[in-house]
Amino acid sequence: MLYFCIMLQNNTSDKCLISFIVTFHNMTEELVRECIDSILNLSLRKEEREILVVDDGSDKCLLDSLSDIADNIIYIRKASEGIASARNFGMRIATGKYIQFVDGEDKLLSEAYEHCVDIARYNSPDIVIFNTGSDGSGRNDYEGEEPTEGTEYLKRNNLTTSPWGYLFAERLLAGLKFDTTIEGTEEEFTTLLFLCAEKIYSTSAEAYYDRKCEKRKIDRHDKKAVIRHLDDNEKIIARLQDLSATMPTNDRIALQRRIAQLTMNYILNTLLWTRSSKQLESRITRLESCGLFPLPDKNYSKKYVLFNKLSRRRLIRKMICKMLG
């Protein structure tokens, strides 16, 4: 069952500047309120912002608890289908020129995020990338870069940001959404979004407080969850590989770097999470059959070059598994 609780007093035919999509499941009122307050504390006027609070089927509805800020938010309560579904729902009804995801237990660091708002206001970017932190300090001695195209950004950088680590133009979506059937769908979503961008700004501003960074790590003792996560990662890599074959040369080169990065992370995670030589070799064999292993002989980063050299040697792979096991 899906139903809405909409609380918004100012209706306008014009698009607001930013739609903030706050998603949560079974979180305390204190955390969700702190998250919303961090948005309300920004310099954005009421008509410039839209706060979509998507409750993904929590045991307790927070609607009554947030009644004092009713005229500042749109509260949506839906069946519990996971964060990907909650984000998709938020994107479907968002009316802002830009979209910012915020997890309900996290918050924006207002002073630093103001810099991102200014970029959106005055530079008409497609994407604004910023830093996240877990100490809440909100570093604001930031340095900016000149804007770059998405393909050029992907060709020169390892993409490490999460969906809450950037502000993006709603016009980029064009039907793009999170795959609700797999784990790690944000990797695919973010990659495809960046490929569509023509004007990306990157700032060193630490504008987001990631309260749950440690909890997002996979519990390697949950074997079913580990296998499911690895299998889904493999699906995403294979889908991006198939897509790259249909792309123009420049886009394909950019996507190939991203695929190599994801494949490296996939092999490394298989090693660290399973600590099983059998699992590792089985998955590497499948990568070989798809042309994904060995990794491309590219100088993407020092870590990549070293990992590429070591991962090609089966004896070294076996020794590391034995040491970890």
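For Ser202, are the conditions met, namely being of a type outside the set (A, V, I, L, M, F, W, C) and closer than 30 Å to Thr95 by Cα?
Considered against the rule, which asks whether it is of a type outside the set (A, V, I, L, M, F, W, C) and closer than 30 Å to Thr95 by Cα, Ser202 comes out as yes.
In segment 137-164, which residues are at pLDDT below 70 and hydroxyl-bearing (Ser, Thr, Tyr)?
Within segment 137-164, Ser137, Tyr142 qualify.
Which condition number does Ala245 fail, the rest of (1) more than 29 Å from Thr132 (Cβ to Cβ); (2) at pLDDT below 95 being met?
So Ala245 meets the others, but not (2).
For the condition more than 30 Å from Leu42 (Cβ to Cβ), of a type in the set (Asp, Glu) and in a loop (DSSP other than H, G, I, E, B), what is the one hit in Asp242, Asp232, Asp219?
Asp219
Being acidic (Asp, Glu) and within 26 Å of Arg314 (Cβ to Cβ) is true for just one of Asp231, Asp251. Which residue is that?
Unique residue meeting the criteria: Asp231.
Can you name every residue in segment 7-26 that is more than 20 Å from Gln100 (Cα to Cα) and at pLDDT 75 or above?
Asn26
Can you pull out the residues in segment 187-210 that are part of a loop (DSSP other than H, G, I, E, B) and within 15 Å of the chain's Cα centre (by Cα)?
Asp210
Of the residues Ala86, Ala79, which is out of contact with any Phe, Trp or Tyr (no Cβ under 7 Å at 6 or more places or on another chain), surrounded by 20 or more Cβ atoms within 10 Å (Cβ to Cβ), among the small types (Gly, Ala, Ser) and assigned by TED's automatic domain parsing to the domain that holds Leu167?
Among Ala86, Ala79, only Ala86 is out of contact with any Phe, Trp or Tyr (no Cβ under 7 Å at 6 or more places or on another chain), surrounded by 20 or more Cβ atoms within 10 Å (Cβ to Cβ), among the small types (Gly, Ala, Ser) and assigned by TED's automatic domain parsing to the domain that holds Leu167.
Please count how many residues of segment 160-182 are out of contact with any Leu (no Cβ under 9 Å at 6 or more places or on another chain), part of a loop (DSSP other than H, G, I, E, B) and either surrounded by 15 or more Cβ atoms within 10 Å (Cβ to Cβ) or among the hydroxyl-bearing types (Ser, Thr, Tyr) (or both).
The qualifying residues number 9.
Give segment 68-92 a look and list any residue that's touching a residue at least 24 places away in the same chain (Cβ under 8 Å) and closer than 18 Å to Lys46 by Cβ, or say none.
Hits for segment 68-92 are Ile69, Ala70, Asp71, Asn72, Ile73, Ile74, Tyr75.
Could you list, in sequence order, all residues of segment 52-76 that are among the polar types (S, T, N, Q) and either under 11 Å from His25 (Cβ atoms) or outside the structural domain of Asn26 (by TED's automatic domain parsing) (or both)?
Passing the criteria: only Ser58.
Among the residues of segment 58-114, write down those that are among the β-branched types (Val, Ile, Thr) and not in a strand (DSSP E or B).
Ile69, Ile73, Ile83, Ile93, Thr95 - these are the residues of segment 58-114 that are among the β-branched types (Val, Ile, Thr) and not in a strand (DSSP E or B).
The values are calculated or read from the model by the stated rules, or taken from the named source; none is laboratory data. Just so we're clear, the structure is a prediction, and the values are computed from it rather than from any experiment. In this analysis, Cβ positions are derived from the backbone assuming ideal geometry, glycine residues included, and neighbour counts consider all displayed protein chains.
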